[in-house]
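Computed from the coordinates by the stated procedures, all read-outs in this text should not be read as laboratory data. All values derive from a computational prediction rather than experimental measurement. Virtual Cβ from ideal backbone geometry, glycine too; neighbours counted across all protein chains shown.
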Amino acid sequence: MMRTRERPDGKAASGRRTLRGGLVLAAVAAILLPATAHAASAESRPTETRQAGTRAAQADPVWRFVNVATGRCLDSNAAGEVYTLGCNGGGYQLWRQSGNQLINLATGRCLDSNAAGDVYTLGCNGGGYQRWVGVGYQVLSTATLRCLDSNAAGEVYSLGCNSGDYQKWRT
């Protein structure tokens, strides 16, 4: 599948902006909202317990990322491809956050990227290309400073952050 950086709405990908140090600091401080109740029922959610005055560890948050422009969910498969599809609540559309890594619930593989803007999943290795942070409604690669992007064809890639709706994700 050929990856195009042109948007179907006719806007070119030239609306890039330079990220400044303050935005990077804001990105590190950003907190994404947990997935809705479909990801975990109230009965299966971890509860806070106290033993000997210490707080027990809680499970990592699980997210479903819905693209604002298309209404489609971030999805993956066992081959490591990443794309968007209509939201179906399946495990391939659920992502667990562990630190700055996003791990696909169905495959156990981490969301990854490269300097060329390709986005895929690989076995989690702790590398910089597998680190992502939330900046408002955008998901930013800390290695490339590019934002997770999509188009009407369902392709997913990273592109210079431009605040367009194809770069905005609801959780």
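Things worth noting here:
- Annotation: segment 55-108 has a Kirkwood hydrodynamic radius of 11.7 angstrom, from the mean reciprocal C-alpha pair distance.
- Segment 101-153 - Debye-derived log10 I(q)/I(0), Cα point model, q = 0.15, 0.16, 0.24 Å⁻¹: -0.39, -0.44, -0.94
- Convex hull of alpha carbon positions in segment 85-125: directionally averaged projected area 3.3 nm².
- Projecting label points 7 angstrom from Cα along Cα→Cβ for VAL68 and SER98 puts them 3.0 nm apart.
- Normalised by the number of residues in segment 49-171, the mean separation of alpha-carbon contacts (under 8 Å, six or more apart) gives a relative contact order of 23 percent.
- Gained length - ALA78 relative to ASP60, 0.36 nm times residue gap less alpha-carbon distance: 4.3 nm
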